[in-house]
């Protein structure tokens, strides 16, 4: 760090010093990790180059397993993106004050991960060169087109929803002059934090956080409908819309917990991501592990009880057949581990939530696997049940590149924006403490 | 307007698979390597499915030649995001190869599994290349293809009939699989035209349609084997 920057930083408040430090100071381990992630990402891009050159034959896909890793990752990543919406929008709307230090990191996950999710179905296309046909020859009855529409809207609204609450922080960086003055002058868009601007900002954030919720719900509902609208066993189910939304929020909370533990360690944010945050998010994770069990149980019991032969083939393939390992690992990761850890107060710590969060992420990835693959290889017409699916190295490399590419971009983003919202912390200190006290007083009967 | 359909008499089918071969050569369906075929990547617009009943040694085997069902209510066309698969006025379900983006949603939606994907581009030996059918377009890598009831034959037959100034006759338009069947197990024609054989056969008491209960209204009828 240069001397001039150090002096500028020293003159700022304590919050600003801690939260802006990552923007101007980069550790050696950051470069090493970033380099490794970049290498994995480039390797995945090479794999995709091969796939585009030679055709989708380079994957392990076949007939009847038309869909595989890419569609699983598509559902998974778009699911993760619900982290930002839930944590930030719902907590803002419900005036949950503990949200202040976690909104930014959550919203950033949302925006970056939507991009990585949305490219998955394009990677999956046999003719990616014709992808614009979905606009030129749009066929409105196709659930895939509903998907294009709602994901597009979701991406735009989430980007705005990330950017607008970032304005005061961008203005702080611009005024401090610690980094790229021109860039931040442009990004801050003339925001001066006058009382009128602040009032307008809060009104816009209020409106956005309400708009973004139904859009987020629609996105994962429609992704569930891609499967549910077909007549295939274990896909053709009315529960899929809500089931997918619930699963998305669940994996989103897990993702943000993992991100928070890493950020807290990497940037020394113990004062911002406190034990209480992990406790609250841990409780939320616990609630969703129970919800997950409820939805999954309802889905499988309905299929089992009806006993329709086509459904039963896919059903038993998952419970006791060739997919028993991914199925029961999913139950372990999505239910048993998070339930047994998060129901204990002593485990709702950074370490405990990290373990539960990783278990849930693995479990939710497997859930999508257990939806896509067992049904694919067990089509309704039994004569054709000859299927098997083993992903090729090309698919696995592209999946690894998706994970590393997302992590890399997220890391880079922490070098350009404070990962905890400075102005929201400040507002919390200056106004909310009093406001909450007043609000609680309002709930109570007038004192005698 | 005609409504083209097919009746397949399972009693007459010997499982010789001549229909499969004729279809491949008529429609320029490229063969794939043994490894690719084992992975489930061979295309066969017409496929003779074998169905075994009973326990060894008391078994009977039936053969189901299975083309596209050309459903009146096709699940594949609803899900296509780019209108690349469609049903025409005469009930033939087609695929626009030049527009298909290769998402394979239709292949997943079809309960009969008759939509085939081109995992790689087609490859022919020099000898095969010289015998490609000029009336049928060759499909590139990355698109879905399917049975068309040899629609190109309909176009040709219609032109011939017009040139000769007469109506289209039943025998003018027959798909390749029907032409080649040595036991006449496959009968083809206009389901709505009382002078065509399929019109009466489709109401035969032996008739069954595959997965009729799904509401797809297939236009391929099977005549159940007599015991």
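Bear in mind these aren't lab numbers, they're just calculated from the coordinates by the rules spelled out. What you are looking at is a predicted structure, and each value in this text was computed from that prediction instead of being measured. All Cβ positions, even for glycine, are placed from backbone atoms using ideal geometry, and neighbour counts span all protein chains on display.
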If the chain between residue A:192 and residue A:382 were fully extended at 0.36 nm per residue, the gain over the current Cα-Cα distance would be 61.7 nm
Between the Cα axis of helix A:28-54 and the main Cα principal axis of chain A, the angle (0 to 90°, nearest 10) is 30
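Once the Cβ-Cβ distance between residue B:25 and residue A:164 is put in as r, and R0 is 56 Å, what FRET efficiency do you end up with, to the nearest 0.05?
Working: r = 63 Å, r/R0 = 1.12.
After rounding to 0.05, the efficiency reads 0.35.
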Row for chain B, column shape: gyration tensor on C-alpha, a ≥ b ≥ c, rounded if a/c < 1.5 i.e. under 1.5, prolate if a/b over b/c, else oblate; value rounded
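Pop the C-beta distance of residue A:319 and residue A:138 into the FRET formula with R0 = 41 Å and round what comes out to the nearest 0.05. Working shown, then result.
Working: r = 40 Å, r/R0 = 0.97.
Once the sixth-power term is evaluated, E becomes 0.55.
Would you mind calculating the gained length between residue B:214 and residue B:36 on full extension (0.36 nm times residue separation, minus the Cα-Cα distance), in nm to one decimal? Don't skip to the answer; put the middle values down first.
Numbers: separation 178, 0.36 × 178 = 64.08 nm, distance 3.16 nm.
My answer for the length gained is 60.9 nm.
Residue separation times 0.36 nm, minus the C-alpha to C-alpha distance between residue B:138 and residue B:224: what's the value?
Once the chain is fully extended between residue B:138 and residue B:224, it gains 27.4 nm.
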The helix A:143-163 Cα axis meets the longest alpha-carbon principal axis of chain A at an angle in degrees, between 0 and 90 and rounded to 10, of 10
Given a Förster distance of 35 Å, the FRET efficiency implied by the Cβ-Cβ spacing of residue B:51 and residue A:302, rounded to the nearest 0.05, works out to 0.70
Rounded to the nearest 10, the angle in degrees between the Cα long axis of helix A:240-267 and the longest principal axis of the Cα atoms of chain A comes to 40
Rounded to a whole number, the mean other protein chain Cβ count within 10 angstrom for residues of A:129-137 is 5
Rounded to the nearest 500, the 222 nm mean residue ellipticity computed for chain A from DSSP H runs (n ≥ 4, each -39500 (n - 2.57)) alone is -22500 deg cm²/dmol
Place a point 7 Å from the Cα of residue A:403 in the direction of its beta carbon; the residues of the stretch A:231-262 whose amide N falls under 18 Å from it are A:251-262
Once both label points are put 7 Å beyond Cα along the C-beta direction, the residue A:3-residue A:446 separation in nm becomes 6.6
Distance in nm between residue A:434 and residue A:265 label points, each 7 Å along Cα→Cβ, equals 4.1
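Ranked highest first by the average count of other Cβ atoms within 10 Å around their residues, in what order do A:81-92, B:176-187 fall? Could you put the intermediate results ahead of the total?
Numbers: A:81-92: 25.1, B:176-187: 18.8.
Final packing ranking: A:81-92, B:176-187.
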Counting only backbone N atoms under 14 Å from a point 7 Å out along Cα-to-Cβ of residue B:193, the residues of the stretch B:84-126 in range are B:90-91
Counting only DSSP beta bridges with both partners in the protein assembly as shown, the antiparallel fraction in percent, to the nearest 5, comes to 85
Extend 7 Å from the Cα of residue B:130 along its Cα-to-C-beta direction; within the stretch B:1-35, residues with backbone N under 20 Å of that point are B:25-31
Rounded to a whole number, the mean other protein chain Cβ count within 10 angstrom for residues of A:54-61 is 5
Dividing the alpha-carbon radius of gyration of the protein assembly as shown by 2.2 N^0.38 Å, where N counts its residues, gives 1.15
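For the ranges B:84-93, A:136-145, what's the packing order if you count other beta-carbon atoms within 10 Å of each residue, average per peptide, and put the highest first?
Per-residue mean Cβ counts within 10 Å order the peptides as B:84-93, A:136-145.
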